[in-house]
Amino acid sequence: MAPPCQSPQGGNELMAYDACDPTVSRGPAPLPRQASSAPPAGPPELSTTGSGRTATEARALKVHSEAERRRRVRINAHLTTLRRMIPDTNQMDKAALLARVVDQVRHVKRRATEAAQLTPAVPSETDEVSIEFC
């Protein structure tokens, strides 16, 4: 095993900093970076937009916003369909419209149950009727 302050290969390779004391430089020091007005070059995921978001976050926000917009359009289209089906609902808000639709569905179910009780039983397809000639 190599002593704690030597390189693992046992040689005296030039390293940027000493392994035991990172403040002691060995070999050529790294060159300072040139100051520029451009942001540091890097992957698009790490660069920021004017709002402080990364490009990936901005893209995810845009995708989410579009999905929400499509959802709202679909909901409003269905609400418009309900407004056309139920009378006197043109000026109602969404909650009142949905309450009116629930009442209407309950009313139709009640009438269907009453109609089923009043009508005589309709023979099913398995019932047979035979006719004999005299």
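Protein heavy-atom surface of segment 55-117, 1.4 angstrom probe: 57% of the accessible area is carbon and sulfur, with nucleic acids and ligands not counted. Modelled this way, with points 7 Å down the Cα-to-C-beta line, the labels at Met85 and Arg110 are 1.9 nm from one another. Heavy-atom accessible surface of Val108, to the nearest 10 Å², is about 80 Å², with a 1.4 Å probe and all protein chains retained. Placing a pseudo-label 7 Å from each Cα along the Cα-to-Cβ vector at Asp103 and Thr54 gives an inter-label distance of 5.3 nm. With q set to 0.19, 0.24, 0.28, 0.30 Å⁻¹, the log10 of I(q)/I(0) for segment 55-117, from the Debye formula over equal scatterers at the Cα positions, is -0.78, -0.95, -1.08, -1.15. Here the simple spin-label model places points 7 Å from the Cα toward Cβ, and for Thr119 and Arg69 these points are separated by 4.9 nm.
Each Lys and Arg contributes +1 and each Asp and Glu -1, all at the Cβ; summed about the Cα centre of segment 55-117, the dipole is approximately 160 debye.
The values are calculated or read from the model by the stated rules, or taken from the named source; none is laboratory data. For clarity, every value in this text was computed on a predicted model and none was experimentally measured. Please note: Cβ atoms are built from the backbone with ideal geometry, for glycine as well, and neighbour counts cover all protein chains shown. Please note that ligands, DNA and RNA were not included when accessible areas were found on the heavy atoms of the full protein model with its side chains. Shrake-Rupley method; radii C 1.70, N 1.55, O 1.52, S 1.80 Å.
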